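If you scroll down you'll find the structure; I have some questions about it.
Values quoted throughout were computed directly from the atomic coordinates according to the rules given, and no laboratory measurement underlies them. Please read all numbers here as calculations on a predicted model, not as lab measurements. Because the Cβ atoms are built from the backbone with ideal geometry, glycine has one as well, and the counts that use them run over all protein chains shown.
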Amino acid sequence: MNVDQQQQPHTPHTETAALYAWSTFQVCGGVEGSGPSGTCRAERTARACLEAALHAAVVHSHAYSWGQLSRVSADVDLPFHLWSRAPVAWAEPGPSDTVTWRPGTAPHPR
């Protein structure tokens with residue numbers, strides 16, 4: 001998990017503070033996979049991490065790749081994958097090395 005060091009002024013980070021989780025997924029030949037993923041304190045940083053991961057996936061794979069960005073509430077008593085999530089946006093590689101963002105939850109690929 002990679003958490004950036006950005007903090008909002010006058011807002012101390014606590015273990016229950018909201019974070020932004022990003023995750024990537026791939027489908028190739030009917031087999032679904034996931035990773036990499038991470039968390040960041042700032043949405044802008046999480047979007048940049050997700051975009052970088054998607055660009056790397058496109059370069060090194062022929063799979064369809066997409067990513068999900070969610071706001072999460074950290075709960076130190078639970079593993080990361082069980083943290084409460086509120087989807088913010090999803091992204092997929094676009095034309096000419098771009099990333100296309102859409103609000104909400106990513107649709108499950110067909």
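Within a Cβ distance under 9 Å of ALA21, other residues only, what is the Lys/Arg minus Asp/Glu net charge?
Local net charge: +2.
For the stretch 49-110, state what percent of all Cα-Cα pairs lands in each successive 5 Å bin, counting from 0 Å until the bin that includes the largest distance.
4, 17, 23, 21, 17, 11, 6, 2, 0
Could you order peptides 77-87, 91-101, 36-46 by the average number of other Cβ atoms within 10 Å of their residues, highest first?
36-46, 91-101, 77-87
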